[in-house]
Ligand SMILES: Nc1ncnc2c1ncn2[C@@H]1O[C@H](COP(=O)(O)OP(=O)(O)OP(=O)(O)O)[C@@H](O)[C@H]1O
Ligand SMILES: [Mg+2]
């Protein structure tokens, strides 16, 4: 256990240092905020003991800097009598405890030890949860040639930092592949930060990505760290990159070129060392031709390209995927379905999964619930739903154009039909309508379609 003591009064520093050493607790001493910052960058501390009033950078600013930089260790603030108000602000800034001078060094040592223990416990619980989540996570399953090739590519790029573009239909496993690339990379201990570009309102997207400084605009009451910064030392997954508004595309391009960002309202540029992985189920080449996606950005992203074929073009993966899904479902749902009967499996292999692996997962989930026996039988598989859904789309009569209708009516009609066909799934409905998910959501709001 190692503690950082920050106080401009040498006698307090030394007193605490001595007391802690009686308990065999190591400590370093800093005489002001600046040297504390330097020491924090160089050494790992289990807790910090910080004086409120110091010349230069005071204790409050130091705490706020520490929390801003992501230092999570417990902090105890020391203040003199009559500084209670400041002690309250200290707690607000992120200190766990404060103690009023003059204090009993023994009591302070006890409080410190308690806080450090509590923090260790918290870290332990968090890492356990993370491990459990990792267990739950689906591994990248597949033995078809196309999946083998993708696994080869992942292995080849594992010690590089190159930008990757993943394309494939919805539900083919683009996010699975992105996580796999991260897990195989030197940055695997770093964060995997994912942002769904299509899911963030356009006006918030820039600040989500770049962050902002306090006061950058009305409402920016405190500093916000953007996704590029959050992903530092790890991977930034830009999902649904095809939905990136043109106005932002040029800014993203600049980040990829310069490897630096500036927070909104900020003046300082900061280096970005996150690996960038982008994904889309759109035809980006076509979007480039249509002028909806910048060609230069496309080439910046398309350094390594991974195309995931639809499941119906690699049917040999179905049994393996189904087995993996079954195992996970059994664990999650506490069921004891041991397998799939031969003809049920045959039926699965013949099915055209237009929703790809995600559809297979849904069908399996239903089957596990309905399977009375230990094996999933043909009757437990509800493939009709998806098949008829598909034929229905093909058979659906085109919207009548003979009647005079306003453009709005036609749109409303098309939207309601599409949503109905896809059982309210907005992503699918938007795909069918040939518009982005965000445009669909905007239109639902605009036409006040309470769906
Ligand atoms: N090869 C695979 N092995 C195991 N699970 C997979 C595989 N491919 C996909 N899955 C599972 O299928 C589901 C869909 O995968 P994922 O979310 O990665 O698809 P996606 O391509 O990102 O889809 P969308 O375009 O709709 O976002 C997930 O639950 C994922 O765990
Ligand atoms: Mg996805």
Within region 239-255, residues over 17 Å from residue 203 (Cα atoms), touching a residue at least 12 places away in the same chain (Cβ under 8 Å) and either within 16 Å of ligand 1 (Cβ to nearest atom) or surrounded by fewer than 16 Cβ atoms within 10 Å (Cβ to Cβ) (or both) come out as 239
Scanning region 139-167 for residues that are within 20 Å of the chain's Cα centre (by Cα) and within 16 Å of ligand 2 (Cβ to nearest atom), the one modelled with the lowest pLDDT turns out to be 140
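Test residue 372 against the stated conditions and say whether it is at pLDDT 85 or above and in the same structural domain as residue 323 (by TED's automatic domain parsing).
no
Report, by residue number, each residue of region 191-209 that is in a loop (DSSP other than H, G, I, E, B) and more than 16 Å from ligand 2 (Cβ to nearest atom).
191, 201 - these are the residues of region 191-209 that are in a loop (DSSP other than H, G, I, E, B) and more than 16 Å from ligand 2 (Cβ to nearest atom).
Results for (1) farther than 30 Å from residue 229 by Cα; (2) touching a strand residue (DSSP E or B) at 6+ places or on another chain (Cβ under 9 Å), shown as yes or no for each residue.
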{"residue": "36", "(1), (2)": "no, yes"}
{"residue": "40", "(1), (2)": "no, yes"}
{"residue": "46", "(1), (2)": "no, yes"}
{"residue": "68", "(1), (2)": "no, yes"}
{"residue": "77", "(1), (2)": "no, yes"}
{"residue": "87", "(1), (2)": "yes, yes"}
{"residue": "91", "(1), (2)": "no, yes"}
{"residue": "105", "(1), (2)": "yes, no"}
{"residue": "108", "(1), (2)": "yes, yes"}
Among the residues of region 340-362, is any out of contact with any helix residue (DSSP H, G or I) (no Cβ under 9 Å at 6 or more places or on another chain) and closer than 18 Å to residue 147 by Cα?
yes
Go through the residues of region 244-262 one by one and say whether even a single one is within 16 Å of ligand 2 (Cβ to nearest atom), part of a loop (DSSP other than H, G, I, E, B) and at pLDDT 95 or above.
yes
Considering residues of region 170-185 that are crowded, with 19+ Cβ neighbours inside 10 Å and not in a helix (DSSP H, G or I) only, the residue farthest from ligand 2 (Cβ to nearest atom):
185
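If you check 360, 329, 348, which single one turns out to be within 16 Å of ligand 1 (Cβ to nearest atom), modelled with pLDDT under 90 and surrounded by 16 or more Cβ atoms within 10 Å (Cβ to Cβ)?
329
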Can you tell me which of (1) in a helix (DSSP H, G or I); (2) loosely packed, with under 15 Cβ neighbours inside 10 Å is the one residue 288 doesn't meet?
(2)
Which one is nearest to ligand 2 (Cβ to nearest atom), of the residues in region 303-315 that are within 18 Å of residue 173 (Cα to Cα) and not in a helix (DSSP H, G or I)?
308
Residues of region 210-233 that turn out to be assigned to a loop (DSSP other than H, G, I, E, B) and either touching a helix residue (DSSP H, G or I) at 6+ places or on another chain (Cβ under 9 Å) or surrounded by fewer than 18 Cβ atoms within 10 Å (Cβ to Cβ) (or both), as a count
13
Out of (1) surrounded by fewer than 17 Cβ atoms within 10 Å (Cβ to Cβ); (2) part of a helix (DSSP H, G or I), the odd one out for residue 20 is which?
(1)
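Would you check which residues across region 191-220 are more than 16 Å from ligand 1 (Cβ to nearest atom) and either modelled with pLDDT of 90 or more or on the phi > 0 side of the Ramachandran plot (or both) and list them? Give the derivation first.
We begin by selecting, within region 191-220, every residue more than 16 Å from ligand 1 (Cβ to nearest atom); these are 191, 201-220.
Across region 191-220, the qualifying residues are 191, 205, 206, 207, 208, 209, 210, 211, 212, 213, 215, 219.
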Going through (1) surrounded by 13 or more Cβ atoms within 10 Å (Cβ to Cβ); (2) under 35 Å from the mean Cα position of the chain (by Cα); (3) assigned to a loop (DSSP other than H, G, I, E, B); (4) at pLDDT below 85 one by one, residue 336 fails only at (1)
Kindly provide the set of residues from region 363-374 that are over 30 Å from residue 432 (Cβ atoms) and exposed (fewer than 14 other Cβ atoms within 10 Å of the Cβ), ordered by number.
372, 373, 374
Test: residue 188 is part of a loop (DSSP other than H, G, I, E, B), free of Cβ contacts under 8 Å to residues at least 60 places away in the same chain and either farther than 26 Å from residue 434 by Cβ or within 16 Å of ligand 1 (Cβ to nearest atom) (or both)
yes
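The values are calculated or read from the model by the stated rules, or taken from the named source; none is laboratory data. For clarity, every value in this text was computed on a predicted model and none was experimentally measured. Methodologically, a virtual Cβ is constructed for each residue, glycine included, from the backbone with ideal geometry; neighbour enumeration extends over all protein chains shown.
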